[in-house]
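Take a look at the structure below.
FYI, it's all coordinate maths here, none of it is from the lab. Since the structure is predicted, the reported quantities are computational estimates derived from the model, not experimental observations. Note that we place each Cβ from the backbone using ideal geometry, even for glycine, and neighbour counts take in every protein chain shown.
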Amino acid sequence: MRIETVVQIPSVNRRKLLHALAAASAAALTARTGLARADSVLTRPIPSSGEGLPVVGLGSWITFNVGYDEVARASCADVIGNFFAAGGRLIDSSPMYGSSQAVIGASLKRLGKPAALFSADKVWTSPGSRGPAQIETSRLHWGVPRFDLLQVHNLLAWQEHLPTLNAMKAKGQLRYVGITTSEGRRHREVEDIMRTQPLDFVQVTYNVIDREVEARILPLARERGIAVIVNRPFQQGALIERVGRRPLPPWAGEIGCTSWAQLLLKFIISHPAVTCAIPATTSVAHVRENMQAAREPLPDEAMRRRMAVHVAAL
Amino acid sequence: MSEWWTYRLSSFLLFSPRTYYRLFELYNSEIWPGQVLALLVGLAMLALIRKGGPWQSRVVAAALCIAWLWVAWAYHYARYASINWAATYFAGAFALEALLLLAFGVVKKLHLRPCDGLIGTAGIGLVVFAVLVHPLIGPLVGRSWFQVEIFAIAPDPTVVATLGVLVLATGPSAWLLLPIPVLWCLVSGATAWTMHSADAALMPVVAAFALAVRKGLPS
C-alpha cells in the first residue's frame, strides 16, 4: 500500500502554498513518509496519474441540498471551509442532488476558491446528447474553469457519455473520467465497463457491512489501475445510528479512533484499492472528526477482520 | 431506470427533513401577511359552501382554481423545485388541476350537494379540517409554528379542501378532478413517510376517506 502524507498547516495561504509545493514536488513529500506523522493527512495516488488525493473527501448527497436558505448555505460553507482547513480536497456532487452544486459553488466563492479543491461531479441525463449542456450547467453552478473528475452517474447512458468525457479529457477540458454506482446496483455491468473502457475512477458503495465490492470490483480496480471512490460509508447515517448506541470497542484506540465514524471510515480507507471515501455531513464537528480518520495509524488486515466481525455482531 | 426494484423510497429523497420544513418557514416569512388573506378566503369559501346560492359552486371552484395556480407557481416552481427537481412536474400537475377546475367548475358548473347528511357532513368536514385544523398538525407533532401549512399557500391543505369540495360535488365531472389530488396525497404521504414524519399517514388517509365517501355516492 503506497501512502503519502500532506502536512496540515492551519493558515489558508500557507496551505495553498503547500498544495502548490505538493503538486510540484510530490516525490519530496513522499520521501518523508513511511508511516505518516500524526499531524498529517494520508493520501493515495490516483493510479492513472500518480497525483495524491487525501483518503477522505466530502460527499454532498442530501446534506448540501438546502435551496435558497441563506442560513443553511452559510452553514454548508462552514463545513466546506473546515474540510479544506483539515486537509481535504475532493468534493463530490451531481446534477441529481438538487441545489447541492449551486450551494457548493457559492461556498467555494465565499471561501475564495480554495486552490486545494479537487472537483468531482457527474453527468446524469438521457439521451447522452444532453450531456454536454448539463455538464456546462454544472460547471457554472460550481464556478470552476473545468472539473477535475466527471463520472457517469449510475451508469445512465454511459455508452454515450463516456466518449464525450474522454473527448473532453483529450482536449484538456477535464482531468479524469469515471463511472458510479451505489448500493450494489449493476455490479456486473460496472465490471464489464472497467474491463473494456479507459477509466480513471470508479465510484461504488463500500462499508464494513456492504462488502460485496471486495470480491471482484476492488481487485479489478487494482488490476486495471483505476482509482476507487467510496460512497455511502455510513449507509446514509443508518450504520452510525446502528452502532452509535454501543460503546467503542476497547481496541479502537489502537487504530487512533475516538468515534464510531472514524472507526467505520478507517475500515474503508485501509483497503488498499480504495482511493477516497466521501462521507457527507452538515456538521463542522463531524467533518473535522471524519478528517481525523484520514490519519495514521490505519488497521492492518487482522484488525480489519476484527472490525468487521465486531460490527456485524452489534 | 435500470433495476428499479432495487431502489427504496429513500433513494428518491433528495433533502433532509430539516431542509424540507425550513422551506415552509422561509416561504411563510416571505409572503407574510398573505396567510391572513388565505385564511379569510378559506373561511369565505366555507361560508359560501354552507350558504348555497346560484353562484356558490362557481365561486368556490374559482377560489380553488386560484389556490392551485398559486401553489403551483409560488410553492412548487419557485421554492420546492430548488431542492427537488421533481417539483417542476408537480407544478405542472397543479397548474393542470387549476385548468380542470376552471373548465369543469367555473365555465361548466359543478353542482354541490347540501352540507347535511352523512356525505354532506363528510365533505364540509374535510374543508373545515383543511382550513382550520390542518395548520395545527405540524406544531402538534413538534414542528415550529413558523412552518405551518395553510390552505391556498401550501399544497396539502389545498388538496384536502379540494377533496372536501369534490366529495360534495355531484355528477361525473367531479371524477375528472379527483386523480391529481389523490396522487398528490400519495406523493406527500410517501415524502413524509420517508422523512419519518409523525403525520405521514395523514394525506393517504384523507385520500382514502374522500374516495370511499365518493364511491358510496349515488350517481
(Q) Please give me the summed charge of the neighbours of B:Trp184: other residues whose Cβ is under 12 Å from its Cβ, Lys and Arg +1, Asp and Glu -1. (A) -2
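Contact order normalised by length for chain A, with contacts defined as Cα pairs under 8 Å and 6 or more residues apart; what percent is it?
20 percent
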Q: Estimate the FRET efficiency between A:Glu70 and B:Lys108 by the formula 1/(1 + (r/R0)^6), using the beta-carbon distance for r and 56 Å for R0, to the nearest 0.05.
A: 0.75
Q.
Running a GNM on chain A with Cα contacts under 10 Å, which residue among A:Asp210, A:Asp192, A:Asp200 ends up with the highest mean-square fluctuation?
A. A:Asp192
Q | Hz values of 3J(HN,Hα) by residue in region A:226-234 - Karplus curve (6.51, -1.76, 1.60), Gly and Pro given as x | A | 10, 6, 10, 9, 10, 9, 6, x, 10
Q: Would you please state the base-10 log of I(q)/I(0) at q = 0.18 1/Å for region B:76-128, with intensities from the Debye formula using one equal scatterer on every alpha carbon?
A: -0.76
Q.
Testing the spin-label approximation: label points 7 Å from Cα along Cα→Cβ at B:Ala198 and A:Asn166. State their distance in nm.
A. 5.7 nm
Q. Going by how many other Cβ atoms sit within 10 Å of their own, how do B:Val131, B:Val41 line up, fewest first?
A. B:Val41, B:Val131
Q. Quick one: what do you get for chain A if you divide its Cα Rg by 2.2 N^0.38 Å?
A. 0.94
Q: Under a 10 Å cutoff between Cα atoms, tell me which one of A:Gly128, A:Gly143, A:Gly50 has the largest fluctuation in the Gaussian network model of chain A.
A: A:Gly50
Q) Quick one: A:Arg195, A:Arg44, A:Arg73, A:Arg242, fewest Cβ neighbours within 10 Å first, how do they rank? A) A:Arg195, A:Arg242, A:Arg73, A:Arg44
Q) Taking the Cα centre of the protein assembly as shown as the origin and placing charges on Cβ (Lys, Arg +1; Asp, Glu -1), which of A:Ile268, B:Ser197, B:Leu112 is farthest toward the positive end of the dipole? A) A:Ile268
Q) Highest GNM mean-square fluctuation, chain B, Cα pairs closer than 10 Å: which of B:Ala95, B:Ala208, B:Ala192? A) B:Ala208
Q) Gap in Å between the Cα centre of region A:83-124 and the Cα centre of region A:198-254? A) 22 Å
**Q.** A:Leu248/B:Ala208 FRET efficiency (R0 45 Å; Cβ-Cβ; nearest 0.05)
**A.** 0.45
Q: Kindly work out what percent of the DSSP beta bridges joining two residues of the protein assembly as shown are antiparallel, to the nearest 5.
A: 25 percent
Q) Taking Cα pairs under 8 Å and at least six residues apart, what relative contact order does chain B come out at, in percent? A) 23 percent
(Q) Let me spell out the model: positive unit charges on the Cβ of Lys and Arg, negative unit charges on the Cβ of Asp and Glu, origin at the Cα centre of region B:14-215. What dipole size does that give, in debye rounded to 20? (A) 420 debye
Q.
Just to check I understand the Karplus step: with θ = phi - 60° and J = 6.51 cos²θ - 1.76 cosθ + 1.60, what whole-Hz values come out for region B:208-216, glycine and proline as x?
A. 4, 4, 4, 5, 5, 5, 5, 5, x
Q: Treat the count of other C-beta atoms within 10 Å as a stand-in for reagent exposure and order B:Leu26, B:Leu40 from fewest to most.
A: B:Leu40, B:Leu26
